[in-house]
Each structure stands twice: as structure tokens, then as C-alpha cells.
Amino acid sequence: MKQIFPATITGKSFAPGGSVLDHNFGAGEPYTLGVEEEYMLLDPETFDLVQHVEAVLAAAEGHELEPRVNAELMQSVLEIATPVCRTPAEVEGELRKLRTYVTSLAAERNLRVGSSGTHPFSLFERQRITARDRYRHLVDQLQYIARRELIFGLHIHVAVDDPEKAIKVQNGLLAHLSSLLALSASSPFWRGEPTGLASSRQMVFAAFPRSGPPPRFRDYNDYAEVVGQLEKTGCIADYTHIWWDIRLHPRFGTVEIRICDAVTRVEDAVALAAFCQALVKLYCERDAVGAEIPSYHRILTTENKWLAARYGLEAPVMDLATGRRNRVPVAQLVRRTLKEIEPHARELGSDRELEGIREILAKGNGSDRQRRIWNANRDIVEVVREIAEATEAAAVPA
């Protein structure tokens, strides 16, 4: 992962057991954004994955955008990271710039680029591991679990100005995991087969240790104590080896929302960034006035997450906020959340971008689009071709 936010450490928190976890919460402007996307590198004729990330990275050397383009675990995956952005509109500009750049680099090397939660038919057994010590160590440690991780995600960072506030925000966001997954789900295929799932990516990544919804922490010291125990016992090198659906990123001073599938349409990525930013502001302001931020047991949030992975926007999830006995469509919860966060989005200047969430509800998510293409001709290559064309089309300003 490329650096998005400043790395200079400004604060320390000590847990009762003596653990210390440096942080940058409050080092910069609150609610700023950083977005990471993972792209597929594709053969232009077969639309299978190709192992050419090193060639693309070599071509980027010396360019102003070189720091924004990086390798990932497998040589068929390219990651991009925006700089710090104040608004979702800035995120859109940066994502379009980066998609334009990597698309042009790929085209010069007779490659295509695609963005989706999984490649619909490529096999993980045919992928080469990137020649970096971090990735070789990961495979050595996790074995088959790491080799199988042929998946692509969208990660959204939102800056928070206080570590205690960040913990409360993370706890509050747990209730929205199902909404975020349903809106972003774009991986209905795995190894050439329709899985019946909206997000098969979630099922693949669930095998990773330290994944899934995070536990609810009492405060930042409680979090630091847990991370410190994992570090000092050698279970992890540092907190970036914790892969929860939502996690704190103390070095960046952000809450990082990691549950989303990589999305094909740039407009969807921007809408999700606006949604996350406004949610973080909602919970920060509730905390500022001493209002309760509800949080729910991991078993309940995990169940709702499973339903969203299975059914997407039609998921019948538990309405944890009201405690109703009957389940409700996740789209109903999204609409209710939109009403709550709209005033915050207006204050952030992102109400236009937030409208993209309503467009996803109206037109469907990436999984819905892929299944429509598949149902027409039962042609899995056509599905990937459409993913590539929509990803590359996003390189052209709307």
C-alpha cells in the first residue's frame, strides 16, 4: 500500500499493560479522504489475467504519478492510491487521472485494465507471487490461504482528529457493514462459475486470519493493548497485518473502511467515498455532544454481512437499530442512513456525489450488472470484456 496520509508521528497512547501505539490522529484536517483501488491486468484478446505488473511499474518510473502506483500480492494486480483529498469531488478527479494513467501504460504494453471484486474466470493457481519480501513472507506464513487470495478491493480512508473518537467511529460503522458491502458487491463469479453470491470476494478473504468485522473496543488503549499483544508475541509484524473490514490506521490518522469490493464504475467509488465520509462526520459529531453511538455484537454484524454477501441489495438483514423482529431489505436501511447523513454531506460539499448511492440503489450494483451480461449469452469472457470497457471508460471525464 502506498502512503496516502503523512507519516510523521504526533501522538502516543499507553495501554494499562504498558503497550504504546503511536498515532497521527489530529495531525491533519478531519474528514479528509484517501482511496485505494486494486485493478486487474488483462490480456486484450482472452481477457484472462496476465503477470505483467513489473513491466507497468517500470514504465511508471520517474513519472509524477509513480508514487501512486504499486504492486500487490500477485503479479496480475495493480494498486493505485489517491493523495489526500478534501472532498469526494477531488477523489473523482484523482481516480480519473490515475485510471487514465494506468490505462495508457497498459495499452502501450498491449494490456487492458479492469476493476471488479474478483476476476470472473481466472485461476489463482496460475498467478505468480510478486517478487517482494513482504509478499513472499506472507505466502510462507499463510500458505494456501494467501495463494488463493485472487481478489480485488476498494479501501476508503477518512481522517479523524482524535484516537478515542476514532474508536467510537469504528464501533458505530459496524452497523453499516452490510450496507457498504451490498452497495459495492461486484464479485458474483469465481473460477468461471456463477456462485449465487453477490460478493464471492468476501468468502475468499474470510479465510484470512484477523479478518471480518473488528471487535468492539472500549477505548484506544484497549485497542493498543490488543495490537501490542499481537506484536510483542510475534503474531504480526505491525497493525497493518490486521485485515478487519474496518480498521484504524494510526500512522495515517484515519479510519479505513476495507469491506468494499473493487467497483467498476468510478462514479460508484466516488459515491461510496462520500457515503463513508458523511458517516464518519455523523459519528464524530455525535461523540462531540456526548450522544450515544450504538454498536452491536460481532455475531449480529457478521450475520448481516453474510446476508449482504449472499443477496446484495436485496439482502433481508436485521434492523439492529430498531430491534424489529422482522428483517428488512438492506436498501431500506441505506435510504434511512442517507436521510441521516444528508445534512453532513451538505456541510462537506458532497451532496452531489452522495446522490450516486441512490443511483446504485436504482440501477443495481456491480454484481447485478455482471449477471445481466452473463444471462444474455452465458459468455464469461463477455463479462470481463464489459468490466474492462467500463473501467477504462472511467478514465474519460464525465
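The values are calculated or read from the model by the stated rules, or taken from the named source; none is laboratory data. Only a predicted model underlies this, so the values are computations on that prediction, with no experimental measurement involved. All Cβ positions, glycine included, derive from the backbone under ideal geometry; neighbour counts span all protein chains shown. What goes into the accessible areas is simple: the full protein's heavy atoms, side chains included, and nothing from ligands, DNA or RNA. Shrake-Rupley method; radii C 1.70, N 1.55, O 1.52, S 1.80 Å.
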**Asked** How large is ³J(HN,Hα), in whole Hz, for each residue of segment 65-72 in order, when computed from phi with the Karplus curve 6.51 cos²θ - 1.76 cosθ + 1.60 and θ = phi - 60°, using x for Gly and Pro?
**Response** 8, 3, x, 8, 10, 8, 7, 10
**Asked** Amide H of Y39: which non-local residues (sequence gap of 5 or more, or other chain) have their own amide H closer than 5 Å, using H built in the peptide plane?
**Response** L78, E79, I80
**Message:** I need the phi-derived Karplus couplings for segment 151-167: 6.51 cos²θ - 1.76 cosθ + 1.60, θ = phi - 60°, integer Hz, Gly and Pro marked x.
**Reply:** 9, 9, x, 10, 10, 10, 9, 10, 6, 10, 8, 7, x, 5, 5, 4, 4
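Over segment 147-229, what is the relative contact order in percent, taking alpha-carbon pairs closer than 8 angstrom and at least six residues apart? Mind showing how you got there, number by number?
Working: 45 pairs, mean separation 27.5, N = 83.
Relative contact order for segment 147-229 comes out at 33 percent.
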**Item:** By accessible area with a 1.4 Å probe, ligands and nucleic acids excluded, highest first: order of K97, K165, K339
**Value:** K339, K97, K165
**Asked** Relative to the Cα centre, what is the charge dipole magnitude of the chain, using +1 at the beta carbon of each Lys and Arg, -1 at the beta carbon of each Asp and Glu, and rounding to the nearest 20 debye?
**Response** 1060
**Prompt:** What fraction, in whole percent, of alpha-carbon pairs in segment 30-166 exceed 21 Å separation?
**Reply:** 46
**Message:** Taking θ = phi - 60°, what integer Hz values does the Karplus form 6.51 cos²θ - 1.76 cosθ + 1.60 yield along segment 348-365, in sequence order, with x for Gly and Pro?
**Reply:** 7, x, 10, 5, 5, 5, 5, 4, x, 5, 5, 5, 4, 4, 7, 9, x, 8
**Asked** Zone of D379 (label point 7 Å along Cα→Cβ, backbone N under 18 Å): which residues in segment 27-48?
**Response** 43-48
**Asked** R0 = 25 Å: FRET efficiency of I129 with R372, Cβ-based, nearest 0.05?
**Response** 0.15
**Message:** Give me, ordered by chain and number, the residues 5 or more places off A198 or on other chains with an amide H under 5 Å from its own placed amide H.
**Reply:** R310, Y311, G312
**Rg(Cα)/(2.2 N^0.38 Å) for segment 228-278, N = residue count** = 1.45
**Request:** From the C-alpha gyration tensor of segment 92-206, pull out the three semi-axes of the equivalent ellipsoid (sqrt of 5λ each), sorted largest to smallest, in whole Å.
**Result:** 27, 21, 18
**Asked** Working from the pairwise distances between different alpha carbons, so that the mean of 1/r is found and then inverted, what is the chain's Kirkwood radius in Å?
**Response** 21.1
**Request:** Work out how far the C-alpha atoms of segment 185-344 reach from end to end along every principal axis, then list the three figures in whole Å, largest first.
**Result:** 45, 43, 35
**Message:** Over the chain, with a Gaussian network built from C-alpha contacts below 10 Å, which listed residue (A206, A159, A185) shows the highest mean-square fluctuation?
**Reply:** A206
**Asked** Where does each of R134, R325, R126 land when they are ordered by accessible area, with a 1.4 Å probe and the largest first?
**Response** R325, R126, R134
**Prompt:** Sequence-distant or interchain residues sharing an amide H contact under 5 Å with V317, placed H: which?
**Reply:** V328, V330
**Fill in**
Once normalised by the length of the chain, the mean sequence separation of its alpha carbon contacts under 8 Å that are 6 or more apart gives a contact order in percent of 23
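Using the C-alpha atoms of segment 195-253, what convex hull volume per residue, in cubic angstrom, is computed? Please report the intermediate quantities before stating the final value.
Working: hull volume 5.9 nm³, N = 59.
In segment 195-253, the Cα hull volume divided by residue count equals 99 Å³.
With both partners inside the chain, how many of the DSSP beta bridges are antiparallel, as a percent to the nearest 5?
On the way: 34 of 37 bridges.
Roughly 90 percent of the DSSP beta bridges within the chain come out antiparallel.
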**Complete:** A89 and E285 label points (each 7 Å along its Cα→Cβ direction) are spaced in nm at 1.9
**Asked** If you average the sequence gap of Cα pairs under 8 Å that are 6 or more apart and divide by the length of segment 39-81, what percent do you get for the contact order?
**Response** 42
**Asked** Per the helix-only calculation at 222 nm, which mean residue ellipticity applies to the chain, given -39500 (n - 2.57) for every DSSP H run of n ≥ 4 and division by its residues, nearest 500 deg cm²/dmol?
**Response** -14000 deg cm²/dmol
**Request:** Along each of the three principal axes of the Cα atoms of segment 272-347, give the extent in whole Å, ordering the values from largest to smallest.
**Result:** 34, 23, 18
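With a cap of 14 neighbouring Cβ atoms within 10 Å, and only residues DSSP puts in a loop, list the GluC sites (Glu not before Pro) found in segment 60-98.
Details: sites: E61, E64, E72, E79, E90, E92, E94; in loops: E61, E64, E72.
In loop regions of segment 60-98 (DSSP not H, G, I, E or B), the sparsely surrounded GluC sites (Glu not before Pro) are E61, E64.
Which of K165/K363; K305/K339; K281/K363; K232/K281; K305/K363 have a Cα-Cα distance over 24 Å?
Working: K165/K363 35 Å; K305/K339 22 Å; K281/K363 27 Å; K232/K281 34 Å; K305/K363 21 Å.
Correct reply: K165/K363; K281/K363; K232/K281.
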**Prompt:** Where the convex hull is taken over the Cα atoms of segment 89-135, what is its projected area averaged over directions, in nm²?
**Reply:** 5.2
